[in-house]
Amino acid sequence: MTSPDLPDYAPIPQSALGPALNDQGYYVGRVERNLYYVTDGVYNSAFLATRDGVVLFDAPPSIGGNLRRAVDEVAAAEGVSNTVTHLVYSHHHADHGGAAFLFDGDVTRIGHEETRRLILRDDDPARPAPEITFADSYTLEIGGERVELAWHGPNHTPDNIYIHFPGHDTLMFIDVVNAGWVPIYNTNLSEDVIGYMGAPAIALSYPWTHFISGHLGRLATRDDVAVHQAYIADIDASAREALASVDPVPFYTHYWPNVWAGVKAHLDAVTERATAPVVAKYTGVLAAADIEEFTYSTTFAIMQSYRLDRGHSGPVHP
Ligand SMILES: [Zn+2]
């Protein structure tokens, strides 16, 4: 078999990888008591298997039919119902909710009010809109268990919520921290950079030991969130340093009157200067830190937010 000419990268730290998958391509593991998570090694989902039915949290299409198999496997082993009665959306994105249509019938879907609005806007039959919505918080009580859903402002998306399981010492929070891995492009494809940067501190303000992130195969710890925060803080500091130390004048002078060419040359120079030390520091610490485009584009997004959101866009003309 021939393979295309692709670059090599540093080995993935063993600590970044999740458990081995079964023959059907999934792993289901107990988080605590009757809370379980399901993964295909890339996407994570979760379910609570109560005496009154199963509550599913997200339905990534990549796991798809294996969600049903995982629920059936656990329900049979634990002697509880395998009927999915509720489905909670973490946010509206199709890559985390696109298998929701597999669970239709008497399922009650729950999500933030913005999740409903965005799903209706996107008009994707794979993601039926939630019937129960909330603005700030919602408590789901089922089979003697309690789940606290809360919205604390936009981050990855405008509707991304915190899912706390106070009886299971667990927080589920998707697409901000990737357990053991760097965020992919542009702060993990986030819409609100300031919200994205502040979200891990909100996650840590909850009491929990186990963290279910959206990716990539294993549960996370408080240390994982702290390492992610350090990576983002280092990018932030590096971007500020580079913005302050790269002189923009030669770039604009060189290209004048093509101002956009000057913008590109200046901001590329700033981003390259800011990215290099972060890539060096986190290669071997966070998986895929050496895929420079990820750190580069996240650095660019944070640098732009520093200019546009925080107000450091340059001196005011006298
Ligand atoms: Zn997402």
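The values are calculated or read from the model by the stated rules, or taken from the named source; none is laboratory data. Everything numeric in this text was worked out from a predicted model, so none of it was measured. Please note: Cβ atoms are built from the backbone with ideal geometry, for glycine as well, and neighbour counts cover all protein chains shown. These area figures cover heavy atoms from the full protein model, side chains too; ligands, DNA and RNA do not enter into them. Shrake-Rupley method; radii C 1.70, N 1.55, O 1.52, S 1.80 Å.
Details
- Interchain or long-range residues, amide H under 5 Å from Arg109's placed H: Leu87, Glu131, Ile132
- Here Glu78 and Ala201 are evaluated by their C-beta separation; at R0 = 45 Å the FRET efficiency comes out at 0.80.
- The charge dipole of region 79-201, taken about the Cα centre with unit charges on the Cβ atoms of Lys, Arg (+1) and Asp, Glu (-1), comes to about 80 debye, rounded to the nearest 20.
- Label zone of Asn22 (point 7 Å out along Cα→Cβ, amide N under 20 Å): in region 32-51 this covers 32-50.
- The accessible-area ordering, largest first, of the residues Asp122, Asp104 stands as Asp104, Asp122, per a 1.4 angstrom probe.
- Using distinct alpha-carbon pairs, which all enter the 1/r mean, Kirkwood radius of the chain in Å: 21.0
- HN-Hα J in Hz across region 277-293 - Karplus 6.51, -1.76, 1.60, θ = phi - 60°, x for Gly and Pro: x, 6, 4, 5, 5, 9, 5, x, 9, 10, 4, 6, 4, 8, 7, 4, 4
- Most to least packed among 259-270, 54-65 [average Cβ atoms within 10 Å]: 54-65, 259-270
- Positive-end extreme of charge dipole, the chain - chosen from Gly111, Val54, Ser81 (charges on Cβ): Gly111
- Working note: 222 nm ellipticity from helices only, DSSP H runs with n ≥ 4, each -39,500 (n - 2.57), summed and divided by the residues of the chain, gives -11500 deg cm²/dmol to the nearest 500.
- Net charge over other residues, Cβ less than 14 angstrom from the Cβ of Ala75 (K, R count +1; D, E count -1): 0
- Förster-model FRET efficiency, 45 Å R0, Glu32 and Gln304, C-beta, rounded to 0.05: 0.65
- Probing with 1.4 Å while keeping every protein chain in the model, the per residue accessible area of the chain equals 46 Å².
- Amide H contacts under 5 Å for Val84, placed H, 5+ residues apart: Val54
- 3J(HN,Hα) couplings calculated from phi for region 90-95 with the Karplus curve 6.51 cos²θ - 1.76 cosθ + 1.60 (θ = phi - 60°) are, in sequence order, 6, 6, 7, 4, 5, 6 Hz; Gly and Pro show x.
- Using Cβ point charges alone (K and R +1, D and E -1), the dipole size of region 181-314 about the Cα centre works out to roughly 140 debye.
- For region 10-100, the share of DSSP beta bridges that are antiparallel, to the nearest 5, is 80%.
- Using the average count of surrounding beta-carbon atoms within 10 Å as a protection proxy, the listed peptides 231-240, 124-133 rank, highest first, as 231-240, 124-133.
- The accessible surface of the chain, taken with every protein chain in place and a 1.4 Å probe, is 55 percent carbon and sulfur.
- Counting only Cβ charges, +1 for Lys and Arg and -1 for Asp and Glu, the dipole size of the chain around its Cα centre is about 360 debye.
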